[in-house]
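The values are calculated or read from the model by the stated rules, or taken from the named source; none is laboratory data. As the structure is a computational prediction, the values presented were derived from the model and not from experiment. Here Cβ is always computed from backbone atoms with ideal geometry, including for glycine, and neighbour counts include all displayed protein chains. Heavy atoms of the whole protein, side chains included, go into the accessibility calculation; ligands, DNA and RNA do not. Shrake-Rupley method; radii C 1.70, N 1.55, O 1.52, S 1.80 Å.
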Amino acid sequence: MNNFDKPSVLVIEDEAPIRRFLKLTLSDHGYSFHEALNAREGLSKIASEQPSLVILDLGLPDMDGIELTREIREWSKVPIIVLSAREQEKDKVLALDAGADDYLTKPFGVQELLARARVAIRHAAKSPPQADSIVTFGQVKIDFGKRLVTFNDTELHLTPNEFKLLAALVRHAGRVITHTQLLREIWGSEYTDETHYLRVYMAQLRRKLETDPAQPRHLITEPGVGYKLKLD
Ligand code: CA
């Protein structure tokens, strides 16, 4: 990516109306636009165009979008947003597990598209939080260097697993992290079916970190997919 140019988006999608919509919207909002009609062309354009963001459809004529995501991740860290149809709920989760950063469910609107694109590109430009970095949201302040979490300037006690869960959410802030990813990161890959662990720990975190735990503003549930930390 050349930071002095406008960010470029590569759209890999076989449906012409969706490509047109994306081209119009993204070009209108300061992105340079590239397109590929299938996975093979997409892979070669990621290499040649070095886009700032890839938007890829899960239903491509020549390759499964999940498989394509996995292949891209073998050699590229480019942010990936997958496009899924309503009936591809399960595929969208698999795509996130394969390394996609976010998803859009068709049909989606202009504002949603632009917001997701901004978050994905911004996140890719930032290095992961350093050991001494401080993250704040709502009334919460996390000092990773000191392993210290405060709510309204009052120190909170978090258990080691609560802290790990919070740290994982911070690393993915603004984006969905799937149940499988969280379980693997915190408990290990033999626990990836134990989604009830997450429900329990998320409830605990919300009680400690949300002003109104019943109406969370930051620790958000993405039904059927996972969780997301909203910093603002
Ligand atoms: Ca398609």
> Going from most exposed to least, what order do Val110, Val170 have by accessible area with a 1.4 Å probe?
Replying inline: Val110, Val170
>> Mean-square fluctuation check for the chain, GNM, Cα pairs under 10 Å: which of Lys146, Lys45, Lys77 is largest?
In response: Lys146
>> Under 23 Å between alpha carbons, and skipping anything fewer than 8 positions from Lys164 in its own chain: which lysines qualify?
In response: Lys126, Lys141, Lys146, Lys208, Lys228, Lys230
> So how much slack lies between Ser189 and Thr154, counting 0.36 nm per residue of separation and subtracting their Cα-Cα distance, in nm?
Replying inline: 9.1 nm
>> Please list Ile220, Ile72 from largest to smallest accessible area, probe radius 1.4 Å, with all protein chains kept in place.
In response: Ile220, Ile72
> Which residue, chosen from Ile220, Leu24, Leu43, occupies the Cα position most advanced towards the positive end of the dipole of the chain, where the dipole is computed from +1 (Lys, Arg) and -1 (Asp, Glu) charges on Cβ about the Cα centre?
Replying inline: Ile220
>> Can you give me the % of accessible surface on the chain that is carbon or sulfur? Probe 1.4 Å, all protein chains present, nothing else counted.
In response: 50
> With charges set only on the Cβ (+1 for Lys and Arg, -1 for Asp and Glu), what does the dipole of the stretch 8-125 come to about its Cα centre, in debye to the nearest 20?
Replying inline: 420
> When ligands, DNA and RNA are left out and all protein chains stay put, how many square angstrom of accessible area per residue does the chain have with a 1.4 Å probe?
Replying inline: 51
> How high is the relative contact order of the chain, given as a whole-number percent (alpha carbon pairs under 8 Å, six or more residues apart)?
Replying inline: 13
> Which value at 222 nm does the chain reach when only helices count, each DSSP H run of 4 or more adding -39,500 (n - 2.57), with the total divided by all residues and rounded to the nearest 500 deg cm²/dmol?
Replying inline: -12500 deg cm²/dmol
> With +1 on each Lys and Arg Cβ and -1 on each Asp and Glu Cβ, how big is the dipole of the chain about its Cα centre, in debye rounded to the nearest 20?
Replying inline: 720
>> Keeping all protein chains in place and using 1.4 angstrom, which order do Leu43, Leu231, Leu96 fall into by accessible surface area, from largest down?
In response: Leu231, Leu43, Leu96
> Using +1 on the beta carbon of Lys and Arg, -1 on that of Asp and Glu, and nothing else charged, what's the dipole of the stretch 134-229 about the Cα centre, debye to 20?
Replying inline: 200
